[in-house]
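In what follows, a single structure is set out as structure tokens and then discussed.
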Ligand SMILES: Nc1nc2c(ncn2[C@@H]2O[C@H](COP(=O)(O)OP(=O)(O)OP(=O)(O)O)[C@@H](O)[C@H]2O)c(=O)[nH]1
Ligand SMILES: [Mg+2]
């Protein structure tokens with residue numbers, strides 16, 4: 001996976017690129033202390049090593065160099081009491097990109113190798129400090145944009161999901177052992193055993209099924225819900241887009257057909273992450289370019305998690321408005337009646353009747369009237385559900401493995417229909433057990449590791 005051996009000592013700037021109050025250089029591996037000795041000179045020299053877990057004041061200075069580069073603190077975590085279970089040294093100094101780059105260069109010149117992205121966590125996994133689910137959660141935590149995302153990720157770093165998987169595995173192993181013991185003691189009362197095993201398997205299958213079902217809610221929490229602004233041209237979609245983002249992002253004009261390509265921007269409402277999409281007005285389209293914009297807009301709206309239907313309430317409503325109001329019936333939606341600064345000429349009741357129960361608001365995107373209420377409605381309609389079930393936010397890899405486990409359990413339950421046959425049961429349960437092992441990384445192949453850690457590497 002990572003090109004070099006785990007016995008190399010790796011170095012990286014652990015703080016984000018750019019200027020900051022503090023920048024941290026981090027080393028992990030057997031030569032961490034030796035390398036740190038060459039680039040960091042303690043103010044009070046105290047022997048060849050560093051005290052464990054105690055800040056040491058000193059200067060960063062190249063070996064044999066006359067001038068110090070900066071001053072800072074060094075922290076030493078002796079193996080195995082460290083994140084990677086190797087010797088780790090962290091040097092905090094002023095967070096100038098020039099200082100950090102030079103400090104890293106000094107470390108490399110003293111024998112360290114540049115760490116690949118995710119390599120510290122990879123080592124933590126290799127050395128049994130984290131399982132694979134926890135390693136993935138570290139990545140999610142670092143990337144979280146909202147507090148609920150961060151909380152959900154941290155629960156997983158703590159081992160929330162891992163604990164469930166371990167328990168599931170223990171239960172399965174127990175059932176298998178029970179089933180196999182009936183092969184040795186076939187005189188036992190099989191009727192009781194069969195009913196009991198059936199009940200336990202069904203319970204486990206239901207629990208796994210529930211986790212799989214939460215994947216979708218978890219995906220939205222992790223990635224943010226996509227909300228499309230759908231409406232006829234010139235109703236004020238782009239004006240509303242800008243008003244919600246509080247930035248003049250999209251071009252607005254009195255001409256119809258202004259927006260052609262769709263725009264997508266991150267919008268955070270009360271701790272929930274959304275991706276707001278502005279697009280061409282859905283209608284006929286006069287030119288080929290407009291028609292292409294409309295086609296793309298429809299595709300975007302079709303794949304969105306929710307829709308904000310925008311209407312111009314200052315003009316009489318027509319057939320097209322009614323048709324639009326009935327579109328995407330399976331999606332959650334909000335009706336936004338725009339241009340409330342002008343006299344009402346729109347039949348809002350007729351539009352509302354097309355989709356009873358849909359939240360509706362009058363706003364003026366131009367003046368910014370009622371925008372807070374709109375944010376509230378966005379949060380209430382699309383955001384609130386995301387707070388539930390944060391204990392099991394799955395990624396795709398985890399979901400696929402859980403589906404395999406569910407299918408194995410289903411197959412095992414199926415074998416009971418034809419009477420209790422321990423060999424058949426065991427045969428159905430074995431792949432499920434293997435999938436459980438892959439989930440936590442107890443059983444891991446290069447392929448699995450590459451699929452997990454390459455995400456760290458790409459930094460996306
Ligand atoms: N009076 C009033 N005018 C508005 C309001 N919102 C938008 N407009 C005007 O309506 C016109 C069209 O606005 P846009 O935001 O470009 O509308 P759009 O729906 O994005 O239009 P297309 O991209 O062409 O589909 C512009 O002249 C805006 O200034 C509003 O709340 N009140
Ligand atoms: Mg527009």
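The values are calculated or read from the model by the stated rules, or taken from the named source; none is laboratory data. These numbers come from a predicted model, not from an experiment. Using ideal geometry, Cβ is built from the backbone for each residue, glycine included, and neighbour counts are taken over all protein chains shown.
This table checks each residue for (1) surrounded by 14 or more Cβ atoms within 10 Å (Cβ to Cβ); (2) modelled with pLDDT under 90; (3) touching a helix residue (DSSP H, G or I) at 6+ places or on another chain (Cβ under 7 Å).
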{"site": "335", "(1), (2), (3)": "yes, no, yes"}
{"site": "377", "(1), (2), (3)": "yes, no, no"}
{"site": "392", "(1), (2), (3)": "yes, yes, yes"}
{"site": "395", "(1), (2), (3)": "yes, yes, yes"}
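Of the set (1) touching a strand residue (DSSP E or B) at 6+ places or on another chain (Cβ under 8 Å); (2) closer than 21 Å to residue 225 by Cα; (3) more than 16 Å from ligand 1 (Cβ to nearest atom), all apply to residue 352 but (2).
Just to be sure, is residue 357 surrounded by fewer than 20 Cβ atoms within 10 Å (Cβ to Cβ), within 30 Å of residue 222 (Cα to Cα) and more than 13 Å from ligand 1 (Cβ to nearest atom)? The answer is yes for residue 357. Scanning region 210-253 for residues that are assigned to a strand (DSSP E or B) and more than 16 Å from ligand 2 (Cβ to nearest atom), we see that the one that is surrounded by the fewest Cβ atoms within 10 Å (Cβ to Cβ) is 226. The C-beta contact set for region 98-116 (first residue outside the structural domain of residue 65 (by TED's automatic domain parsing) and over 15 Å from residue 23 (Cα atoms), second residue assigned to a helix (DSSP H, G or I) and modelled with pLDDT of 95 or more, distance under 6 angstrom, 6+ apart or interchain) is empty. Once region 263-280 is narrowed to residues that are touching a strand residue (DSSP E or B) at 6+ places or on another chain (Cβ under 6 Å) and under 13 Å from residue 231 (Cα atoms), the residue that is nearest to ligand 2 (Cβ to nearest atom) is 278.
In the list 320, 265, which residue meets the criterion of being more than 34 Å from the chain's Cα centre (by Cα) and either under 30 Å from residue 146 (Cα atoms) or in contact (Cβ under 8 Å) with a residue 60 or more places away in the chain (or both)?
On the way: 265 fails: more than 34 Å from the chain's Cα centre (by Cα).
The match here is 320.
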